[in-house]
Amino acid sequence: ILTPEMPQQEVQAFVEKRIPSMPDVKTRDDWEAEASRIRRQVLARIVYRGEAAKWRDAKCKVEWLSTIDDGNGYRIRKLRFEALPGLWIPALLYEPTKLSGKVPVVMNVNGHDADGKAAKYKQIRCINQAKRGMIALNVEWLGMGQLRDSDYTHYKMNQLDLCGTSGLAPFYLSMKRGLDILLAHEHADATRVAVAGLSGGGWQTIFISSLDTRVTLANPVAGYSSFKTRVRHLKDLGDSEQTPNDLAVVADYTHLTALLAPRAALLTFNKTDSCCFESDYALPPLLEAAVPIYQLYNKPKKLVWHVNVDPGNHNFERDNREALYRMFRDHFYRADHTFDDSEFACENEIKSKDELDVLLPDGNETFHSLALRLSRTLPRNGELPRAKNETASWRRTMTSRLREVVRWSEYRCVENQHVKTQQNRMGVRHLRLKIGDAWTAPVVELTPVNVKATAIVVSDGGRAKMAKQIRLLLSSGNRVLAVDPFYFGESKIAERDFLFALLVATVGERPLGIQASQIAAIACWSREQKPEQPVSIVADGPRCSTFSLVAAAIAGNSISAVELHGAMASLRQVITDNGAVNQTPEMFCFGLLEQFDVLQLAALVAPRKVTFHDADERTTSQLSALTDWYHKIGSQHDPFPPSRETE
């Protein structure tokens, strides 16, 4: 029904129009007011949401362990520190053997490299910094090196998002604590503080350096681009931490680049980078945003960019490292005419991963363990009203809250195009329904001779998987609308699909809310077309069951009933089953479990019928309160009919 490219084109246009552009500021004071607002809002609304505010204020430990000193003019001190209570990060401090006075400090962050802090190119960088008299911190990254564990997989940080706590916070707090450690050193010069890293380390560099003004020199290497660039260059679409919920409501990466002003910045990109962020398309929008801001400060020379041609691939090798050494020369050692910006040979000083391992305590927290702990007390205030006369007020309050959580849209649905056919006295139409100004839903409408009602059918596997259920519905007199809403079946995005779901969330929308809003709009359209026919939703699978409950809860009487097959008993199952956002992106709707579980969503639909077909023992036990709820409000409906075979 749709053209193959239509789902991707629609989501690209949807996201693109919501990405903020740089403000038109004329004076330095105007920009500083804007910069202050951006930093404040990113930290408050994106980073420190939910439990993360307590993590930020917690007193976290730093423990110093053994030291390696091979007589090369520096020593490597092993340490571990808590990014947040119970989540320990291993790190290495490269410290010159002879220290006096105040010296520059550098936090070296790494990207998606399995070797983590032991990566050869990173060791060389830290050694060269130490040999130049600098204190270099080599910090491990979540999911890499010693923390290369499935429960640190970046797509699992979104388990925290579901609980209403920022999954981005552990990343940010790890960087913040690293800077705290460096600046607590008795020889640290607070006016000469650098951060540098490749790829995911480049993302870390721009993120911490833009928001934490203690950083005075930033060198992100092949690590980021504007969201507007990413929408059109799909290999730039980053992981969950690079595309966090609601960031683009406040700022694009163009804004973050401009926030570096007037501090020293070296933007390094590679000419033929096959991974991501090729210089030709990634760098110009960042310079377009940042150059005018540096000019407002009359500091244009503080912003430097370097394009690596040899080897030109995804790297932080010698050419890129020496560009960083030149920045140190020009901004940290201006008075030192003996400073050598060529790389010191240190091949024989490289250590093995085992030599650099740092002992970590047992039971180190992970994204998964943190989310499990948070989820145990959720949803907050989840108790259903005890008296029938309290239900109306409760429903109004909770429906309003649900609209906010899923970012509900009141879409209007119109018939855009159809091809009508006829088969065995069955009316068959293939429809394109235009939903709002952004979406097109493919629908197969099947109309038997004697129609009593309409059923909207959706499935986790796409509408084509519902043939048996559709035949049963038709035989019982239902007109069937077999629909593939956003992200399912024919509406599934062809390439790197879940990363577009992350983009939808970063511009302030929610995939779950889009899906639910689309289904509700189709239900309203059907009622307008056939006002005499009540409309029910028949959903197959945990994902479609969830957005169908949300649609029915908010849409009111335009949806008369919901039948769920394979629904979850609780949203906590997303966490207990250790799910990841790349598998089921809409199920990680920020804060949904904090406010609602399946029980509360189903209760919002009542007294209209919600039926859990073929529910297992876990579902019926966890949702037993739902049967009592129906009886309390005067309905004898049983949400859990006996299991039956589907013919």
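The values are calculated or read from the model by the stated rules, or taken from the named source; none is laboratory data. Computed from a predicted model, the values in this text were never measured in an experiment. Positions of Cβ are generated from backbone atoms using ideal geometry, with glycine treated the same way; all protein chains shown enter the neighbour counts. Quick note on the areas: whole protein, heavy atoms, side chains included, nothing else; ligands and nucleic acids left out. Shrake-Rupley method; radii C 1.70, N 1.55, O 1.52, S 1.80 Å.
Annotations for the structure displayed:
- Residue among E365, E355 that alone is open to solvent by 30 Å² or more (accessible area, probe 1.4 Å) and within 30 Å of T165 (Cβ to Cβ): E365
- Lone qualifier among L234, L260, L217 - being of a type in the set (A, V, I, L, M), touching a helix residue (DSSP H, G or I) at 6+ places or on another chain (Cβ under 8 Å) and open to solvent by 10 Å² or more (accessible area, probe 1.4 Å): L234
- Exclusive hit being in contact with a helix residue (DSSP H, G or I) (Cβ under 7 Å, 6 or more places away or on another chain), open to solvent by 10 Å² or more (accessible area, probe 1.4 Å), touching a residue at least 24 places away in the same chain (Cβ under 8 Å) and on the phi > 0 side of the Ramachandran plot, set G489, G462, G436: G489
- Only listed residue being in contact (Cβ under 8 Å) with a residue 24 or more places away in the chain and over 27 Å from A119 (Cα atoms), chosen from R321, R395, R386: R395
- When segment 383-438 is filtered for residues that are assigned to a loop (DSSP other than H, G, I, E, B) and touching a Ser or Thr at 6+ places or on another chain (Cβ under 8 Å), the ones remaining, listed by number, are P385, W408, S409, E410, Y411, G436.
- Checked against the criterion of being open to solvent by less than 60 Å² (accessible area, probe 1.4 Å), touching a residue at least 40 places away in the same chain (Cβ under 8 Å), farther than 25 Å from N315 by Cβ and out of contact with any Gly (no Cβ under 6 Å at 6 or more places or on another chain), the candidates E95, E34 yield just one match: E95.
- The residues on offer are Y172, Y121, Y155, and the sole one that is touching an Asp or Glu at 6+ places or on another chain (Cβ under 8 Å), under 30 Å from L571 (Cα atoms) and in a helix (DSSP H, G or I) is Y155.
- Residue satisfying condition, being over 20 Å from N315 (Cβ atoms), in a helix (DSSP H, G or I) and not β-branched (V, I, T), within set L142, L160, L137: L160
- Some residue of segment 68-91 being more than 29 Å from L370 (Cβ to Cβ), open to solvent by less than 20 Å² (accessible area, probe 1.4 Å) and among the acidic types (D, E): no
- Qualifying residue in segment 267-284 (condition: crowded, with 17+ Cβ neighbours inside 10 Å, more than 28 Å from the chain's Cα centre (by Cα) and of a type outside the set (A, V, I, L, M)): no
- Subset tally (residues that are open to solvent by 60 Å² or more (accessible area, probe 1.4 Å) and farther than 20 Å from W88 by Cβ) for segment 45-58: 1
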